[in-house]
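Accompanying notes for the structure given below.
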Amino acid sequence: ALSPNPSTLQPSASSIDLVETGKVVHGLDDRRDWWQLDGGDDALALNLLENVIAVQTTRDDLEKIEDGGIYKLSAWPIDERHGAQYNMCDGERYLKQPSLGHCSATLVGPDRMITAGHCIVKESGPASCADVAYVFNYHVTGHDSDGNPTFPEITEDDVYYCAGYWTDFDTGGTDIAYVKLDRPVKDRTPATNRHDTAVPTTMGQKLLMIGFPSGLPAKVDAGGRVTNTGAGNGYEWFTGSTDSFGGNSGSGVFAEDGTMIGVLVRGATDYRTDWTRGGGTVVA
């Protein structure tokens, strides 16, 4: 369990591990974009996307358009899109979408994010996190006439920077990090969190995960379930059948009532080479 840090807000969450299942996609690929969500059945996911879900990237990946203080993620020519970056085979998903994120994070306090410990330690190095950025509103709203994804504006109120962090992952502790932002987040309500040392789950419990697989724009997966409650380890971690990839590290995992109960920290192999299709890449 995490030790308390009196200088920062410490909402608690278990880590969620997918290695036990051996799969990156379980049955059908349940990932969906913002534009595919239904305002009724997906009201919780839409609310979380609007308020608490942010992609972790770097200052270098942000380009500011001076007029109006609007940002955009750095230009993404064909060779920077998901299909080209991963040499994906035709017919795989999200070929035209950019892969610009590094990890996922969730807003848990006015100026606090939670993510995976390995995300912040690897990204920032041991001394500073000044280059780490958290960006809200990185999701696909639709497509243009050429099939390219469209995005909402990203303004100065959607972009925040790491001002400090706490984790004991680099000293052998739990793979969770708490990040202090450079300023309070404007006009967003933090996620509801359990403040226990760890969060008990039940076998088969439904899971909602939102994050940025392979650095893609936000994806919602509402098809996962708990496959191991973690009761044997004091609920410090549990396993689930969410469709998760690299880049989902740090993703918030939520119960049906919207309570954040976990942070995605580890999964199975994302992709494999398909030699029957010319050596291209497919989802494992």
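For residue 16, the conditions (1) modelled with pLDDT of 90 or more; (2) assigned to a strand (DSSP E or B) are fulfilled apart from (1).
Residue-wise test of (1) more than 19 Å from the chain's Cα centre (by Cα); (2) over 30 Å from residue 96 (Cβ atoms); (3) open to solvent by 50 Å² or more (accessible area, probe 1.4 Å); (4) of a type in the set (Phe, Trp, Tyr).
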{"residue": "111", "(1), (2), (3), (4)": "no, yes, no, no"}
{"residue": "116", "(1), (2), (3), (4)": "no, no, no, no"}
{"residue": "129", "(1), (2), (3), (4)": "no, yes, no, no"}
{"residue": "134", "(1), (2), (3), (4)": "no, no, no, yes"}
{"residue": "145", "(1), (2), (3), (4)": "yes, no, yes, no"}
{"residue": "152", "(1), (2), (3), (4)": "no, no, no, no"}
{"residue": "158", "(1), (2), (3), (4)": "no, no, no, no"}
{"residue": "163", "(1), (2), (3), (4)": "yes, yes, yes, no"}
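Is one or more of the residues making up the stretch 183-202 on the phi < 0 side of the Ramachandran plot, in contact with a strand residue (DSSP E or B) (Cβ under 9 Å, 6 or more places away or on another chain) and free of Cβ contacts under 8 Å to residues at least 40 places away in the same chain? For the stretch 183-202, residues on the phi < 0 side of the Ramachandran plot, in contact with a strand residue (DSSP E or B) (Cβ under 9 Å, 6 or more places away or on another chain) and free of Cβ contacts under 8 Å to residues at least 40 places away in the same chain: present. Among the criteria (1) free of Cβ contacts under 8 Å to residues at least 24 places away in the same chain; (2) in contact with a strand residue (DSSP E or B) (Cβ under 9 Å, 6 or more places away or on another chain), the one residue 213 does not fulfil is (1). Against the numbered list (1) in contact with a Lys or Arg (Cβ under 8 Å, 6 or more places away or on another chain); (2) at pLDDT 80 or above, residue 129 comes up short only at (1).
Considering only residues that are hydroxyl-bearing (Ser, Thr, Tyr) and in contact with an Asp or Glu (Cβ under 8 Å, 6 or more places away or on another chain), look in the stretch 196-234 and name the one that is most open to solvent (accessible area, probe 1.4 Å).
227
With the condition being crowded, with 17+ Cβ neighbours inside 10 Å and either at pLDDT below 90 or β-branched (Val, Ile, Thr) (or both), I'd like the strands (runs of 3 or more DSSP E) fully within the stretch 23-85 carrying at least 2 qualifying residues. Output list reads 53-58, 70-73. Flag: residue 140 does not match the condition of being part of a strand (DSSP E or B), within 25 Å of residue 34 (Cα to Cα) and either out of contact with any Gly (no Cβ under 7 Å at 6 or more places or on another chain) or touching a residue at least 60 places away in the same chain (Cβ under 8 Å) (or both).
If I ask for residues that are under 19 Å from the mean Cα position of the chain (by Cα) and either surrounded by fewer than 13 Cβ atoms within 10 Å (Cβ to Cβ) or assigned to a loop (DSSP other than H, G, I, E, B) (or both), which ones from the stretch 165-193 would you list? Within the stretch 165-193, 167, 174, 175, 176, 185, 188, 189, 190, 191, 192 meet the criteria. Sub-9 Å Cβ pairs linking a first residue in the stretch 85-103 that is closer than 19 Å to residue 277 by Cα and touching a residue at least 12 places away in the same chain (Cβ under 8 Å) to a second residue that is open to solvent by 30 Å² or more (accessible area, probe 1.4 Å) and acidic (Asp, Glu), at least 6 apart or interchain, are 85/79; 86/92; 86/270; 93/29, ordered by first then second residue.
Identify all residues within the stretch 224-243 that are of a type outside the set (Ser, Thr, Tyr) and either assigned to a loop (DSSP other than H, G, I, E, B) or touching a strand residue (DSSP E or B) at 6+ places or on another chain (Cβ under 8 Å) (or both); write none if there are none. Once the filter is applied, which keeps residues that are of a type outside the set (Ser, Thr, Tyr) and either assigned to a loop (DSSP other than H, G, I, E, B) or touching a strand residue (DSSP E or B) at 6+ places or on another chain (Cβ under 8 Å) (or both), the stretch 224-243 yields 224, 225, 226, 228, 230, 234, 236, 237, 238, 240, 243.
The values are calculated or read from the model by the stated rules, or taken from the named source; none is laboratory data. Keep in mind that what you see is a predicted model, and the values were worked out from it rather than measured. Positions of Cβ are generated from backbone atoms using ideal geometry, with glycine treated the same way; all protein chains shown enter the neighbour counts. To get the accessible areas, we keep the full protein, side chains included, count just its heavy atoms, and leave off ligands, DNA and RNA. Shrake-Rupley method; radii C 1.70, N 1.55, O 1.52, S 1.80 Å.
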